[in-house]
Amino acid sequence: MPAVFPNRIPFSGANANLDPRQRLIVALDVSTAAAAQKIVAAVGESALTYKVGLQLYTAEGPQVVRDLVASGRRVFLDLKYHDIPNTVGGAVREAAQLGVSMLTVHAAGAGRMLQAAVDAAQGSKGLMVLAVTVLTSMDSNDLEKIGIRGTVEDSVVRLATIALAHGCQGVVTSAREASILRAELGDDFAIVTPGVRPAGSSTGDQVRVVTPAEAIASGASHIVVGRPITEAADPAAETRAILGQISG
């Protein structure tokens, strides 16, 4: 029987009829605010949420987040906080002040760190703390080399269970593990899946890759798509095509 985690909104079945734009996150994996703004303008109203990760945040700092929020966009701040609990708690409080809607911490930081992140987010209504389980660039061989035995699926379920038990509203993992998480842990949390590529796209440095339709069918509540949209000749058209795959 799936685990029950209190005070969470079901994301899988209950949100199946949502506007697909609520489920798509466009990754702004660029080095300048100008490049990011160009992408946002090109995508237009076809997307609502944008990921700001390590590359853009390191280059431009928090102002790029403030500008996106001020323009009415939702921001998924993907900095993968992983430090002692006090430091992570402080970082989450600062992120909340920026007005971000979602942010990431590493589940491997363990219970006290995860709890500190969740506690720090409490004062910001609607801020989702998501725990990164196993990076989509990694496979079982990579895990074994760093001393983690068992399959990728074993690690994802173990880390997700810890994260949810300490109040995280969801996890980040490949859609290849999403169906296992739904079966083991239920529908009462978000699953955000990077490494999503439309059929025929290059996989780049990702290992555990699926299409948008496969991700949603597996139980993902949100998908992150970067280069297939941001490097497209017509980003808005590519975004609409991916929204169609989500809806389908």
* Does VAL210 satisfy the criteria of being surrounded by 22 or more Cβ atoms within 10 Å (Cβ to Cβ), at pLDDT below 90 and more than 19 Å from GLY109 (Cβ to Cβ)? -> yes
* Only residues that are in a loop (DSSP other than H, G, I, E, B), of a type in the set (Ser, Thr, Tyr) and buried (at least 19 other Cβ atoms within 10 Å of the Cβ): list them for segment 144-203, please. => THR173, SER174
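Would you mention how many residues in segment 11-43 are in a helix (DSSP H, G or I), at pLDDT 95 or above and open to solvent by 30 Å² or more (accessible area, probe 1.4 Å)?
Final tally of qualifying residues: 6.
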* If the Cβ limit is 8 Å and pairs must be 6+ apart or interchain, which residue in segment 179-190 that is small (Gly, Ala, Ser) pairs with which residue that is assigned to a loop (DSSP other than H, G, I, E, B) and open to solvent by 10 Å² or more (accessible area, probe 1.4 Å)? -> ALA183/PRO2; GLY186/PRO2; GLY186/ALA3; GLY186/VAL4; GLY186/PHE5; ALA190/PHE11; ALA190/GLN169
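The values are calculated or read from the model by the stated rules, or taken from the named source; none is laboratory data. Since this is a predicted model, take the numbers as computed values, not measurements. All Cβ positions, glycine included, derive from the backbone under ideal geometry; neighbour counts span all protein chains shown. Note: areas computed on protein heavy atoms with side chains; ligands, DNA, RNA excluded. Shrake-Rupley method; radii C 1.70, N 1.55, O 1.52, S 1.80 Å.
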